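Engineer: The structure under discussion is supplied below as C-alpha cells; questions concerning it will follow.
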Amino acid sequence: MRTVLHSDLNNFYASVECVYEPKLRAVPMAVCGDPEARHGIVLAKNELAKAAGVKTGEAIWQARQKCPKLRTLPPDFKKYLRFARMMREIYADYTDFIEPFGLDEAWLDVSGCHRSGEEIAGELRRRAKEELGLTLSVGVSFNKVFAKLGSDMKKPDATTVISLDNYREKVWPLPVEELLYVGPATKRKLQLRGIRTIGDLANCDVGILRGALGKNGEMLWNFARGNDCSPVLSEGEAAMVKSVGNSTTTPRDLVNDRDVYLVLLVLSESVAERLREQSLRGGVLSVSVRDCELNTRSFQRKLRRPTALGEEIAAHARELFRERWYWERPIRSLGICMSGLESLADGVQLSIFPDADERRYDIERAVDDIRRRFGHGAISRASLLADRRINEINPREDHVIHPVGWRG
Amino acid sequence: MARRTFVKVVAEFSREGGITPLRVEWEDGRSFEIDRVLDVRRAPAAKAGGYGTRYTVRVSGHETYLFEDEGRWFVEARE
C-alpha cells in the first residue's frame, strides 16, 4: 500500500504577502493581476476576503461589490517562486518523489519513510508555519486522487486522512465535481444520468460511463473506487511554473501587420527576459489576439527546440500571426505565452551549433543587464522607434501570472 | 506592532562559510555588541513582517532576533 500526500499551500500568493506585511492579515486583501489595464482579476485572497465572498478568478470590480474595503496588491511572482522553492526543499527532506502541481501544490510519495503519512503531514505543517510562516492543507491517502481530495476537505492548516477503511464514508458523499478531472461538461453529462456524488459514480455500472464519456468514464469510475495507481512523478523545478506569458492592450487599436510585429517584438523580449531570469526555456508558443469587438483567438505552435531568445520567439510569433490572422477587424490587445517549459537546472538538449546560439544569448543577457542597471528604456531596438507610443508599453513591469486554478 | 528596521552589521565570515554577526549599528549611530549567537534558522519575521535567515542573538543580556535577507540585515524595532 502506498502513502501519498497532497500538500496545498493555503491562499498562497496572499499568504506570502502577509509574511512581508502582517498587518494585511487584519483586513480583507487580494492579490490581483492587471492583464488588460482596464480590468484586473483576483489571483488569490486572504481568509477575510474569502469570508466576504471574494472568489479567485473574478474581476476586481465584482470582488469590490461584495467587499468594498478590499485591499488589492499587485502580484510579486519572484517572491512566490522563492517561497515555492523553499517549500520544495522542505518536501525534499522526506522524499525524492515530489510532483508539483503549480507553485502552491504538490504530491509526495512517502511510502518509503517508515513513518505514518499523518505524522509526516503534521511535521510538514509545523515546519511550513515555523520556517516559512505559511499554512498547509495536507491530504493523506493511498493514491493521488484521494490525497488531492483530502487536501481540499479541510482548510486552512489541517490534515485529512482518507484510508482504505474510511474512504466510503469520507469521499462518496461528496459532489461528483470535487473529483479531479470532473469539469463542468463532465458534471453535466453525469447529472443527466443521475450521478451526483462520487459514491453514485463508484456504484454505477461502468458500461454506462463508458458509453457516456468513453475511456475517461472508466478512468473516473476507477478514481471514485480508489483505484488510481498513477505514480507520483519525480519532477524538476520547471514543472512548478506552467507558462510564462505576457499580454498588453495597446494605446491605440492596431490596424496593420507592421503595428502588430512591433508589439509582438516588445512582448517576446519581455517573455524571453523572464524565461532567462528563471533559467527556463519554452518549447510551445501561443499568440492570442483580441479584436476591437473583444473576440479572442489564439494560435499555438510547438517549436523545433526550446528557446529563451526574444528574437527567436518574435520570429515565430510573426510567422504564426501571418499564417493565421486575416484582418477582419482592428486589434485591441495581443498576448504571447510560452509553455512546455524546461529548466536549465534539470538539464537541456544542446544545439549542434552551440557557438552561434551562445552569442545570441550573450547579446540578450547583456541587454538584460543594461536594463536592470539603468531601467527598461535605457536600451531598445531601433525598429521600435518607428512608433513611440507602442514603445512606451513596458510589459516587463506589468505582467500577470495566472494561478494554477486556471488550467481549465 | 513592530517595524522592520534595516541596520548596518559587522560580521565575521568563517573559512567554513558561516557568518557570525558581531555588532549592530543603528542609523542614529548607536551600536550594540552581540554577545552570542544562540540559534540560526530560516524564519519569517512575525512581528514586523519580512523573511530571512533569523539569528537569535544575545545583546547586553537580552535575547533578540536579527534577520538577514538577500544580503540586507534588519531587526524588529518597537514602534
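Only the coordinates and a few stated rules stand behind these numbers; no lab work does. All values derive from a computational prediction rather than experimental measurement. Cβ coordinates were reconstructed from backbone atoms using ideal geometry, including for glycine residues, and neighbour counts include every protein chain displayed.
Engineer: How about region A:128-202: which chymotrypsin sites (Phe, Trp or Tyr not before Pro) there are in a DSSP loop, with at most 13 other Cβ atoms within 10 Å of their Cβ?
Structural biologist: A:TYR181
Engineer: While we're on this one: Given a cut-off of 21 Å, name the pairs among A:LYS129/B:LYS47; A:LYS187/A:LYS302; A:LYS45/A:LYS66; A:LYS50/A:LYS189; A:LYS144/A:LYS215; A:LYS45/A:LYS78 whose C-alpha atoms lie farther apart than that in the structure shown.
Structural biologist: A:LYS187/A:LYS302; A:LYS50/A:LYS189
Engineer: Grab the beta carbon distance between A:LYS55 and A:SER288, set R0 = 22 Å, and tell me the FRET efficiency rounded to 0.05.
Structural biologist: 0.40
Engineer: Nearest-5 percent of antiparallel DSSP beta bridges in region A:1-74?
Structural biologist: Of the beta bridges lying entirely in region A:1-74, close to 60 percent run antiparallel.
Engineer: Over the whole of B:44-53, what's the average partner chain Cβ count within 10 Å per residue? Rounded to a whole number, please.
Structural biologist: Mean shielding count: 5.
Engineer: Another one. Is the C-alpha gyration tensor of region B:2-78 telling us rounded, prolate or oblate? Criteria: a/c under 1.5 is rounded; beyond that, a/b larger than b/c is prolate, otherwise oblate. If you can, show how the numbers build up before the last one.
Structural biologist: On the way: a/c = 1.42, a/b = 1.13, b/c = 1.25.
Rounded is the answer for region B:2-78, as its axis ratio a/c remains below 1.5.
Engineer: Let a ≥ b ≥ c be the square roots of the eigenvalues of the Cα gyration tensor of region A:13-76; is it rounded (a/c under 1.5), or, if not, prolate (a/b larger than b/c) or oblate?
Structural biologist: It comes out oblate by the Cα gyration axes.
Engineer: Which of the three applies to region A:172-224, rounded, prolate or oblate, going by the alpha-carbon gyration tensor with a ≥ b ≥ c and a/c under 1.5 meaning rounded?
Structural biologist: It is rounded, given that a/c, with a ≥ b ≥ c, falls under 1.5.
Engineer: Which order, highest average first, do A:83-93, A:365-375 follow once you tally other Cβ atoms within 10 Å for each residue and take the mean per peptide?
Structural biologist: Packing order, densest peptide first, comes out as A:83-93, A:365-375.
Engineer: Right, next: Where does chain A land at 222 nm, in deg cm²/dmol rounded to the nearest 500, when only DSSP H runs of n ≥ 4 count, each adding -39500 (n - 2.57), divided by all residues?
Structural biologist: -11500 deg cm²/dmol
Engineer: Which stretch or stretches of region A:296-336 have amide N atoms under 16 Å from the point lying 7 Å from A:ASP253's Cα along the Cα→Cβ direction?
Structural biologist: In region A:296-336, the label zone of A:ASP253 (backbone N under 16 Å from the point 7 Å along Cα→Cβ) covers A:296-297, A:326-334.
Engineer: Given the protein assembly as shown, what whole percent of its Cα pairs are spread farther than 39 Å? Could you put the intermediate results ahead of the total?
Structural biologist: Details: 40792 of 118341 pairs.
Counting pairs separated by more than 39 Å, the tail of P(r) holds 34 percent.
Engineer: Over all directions, the average projected area of the alpha-carbon convex hull for region A:94-241 comes to how many nm²?
Structural biologist: That works out to 9.4 nm², a quarter of the Cα hull's surface.
Engineer: Which of the aspartates and glutamates could a cross-linker bridge to A:LYS170, judged by Cα under 14 Å and excluding same-chain residues fewer than eight apart?
Structural biologist: List returned: A:ASP152, A:GLU178, A:ASP200.
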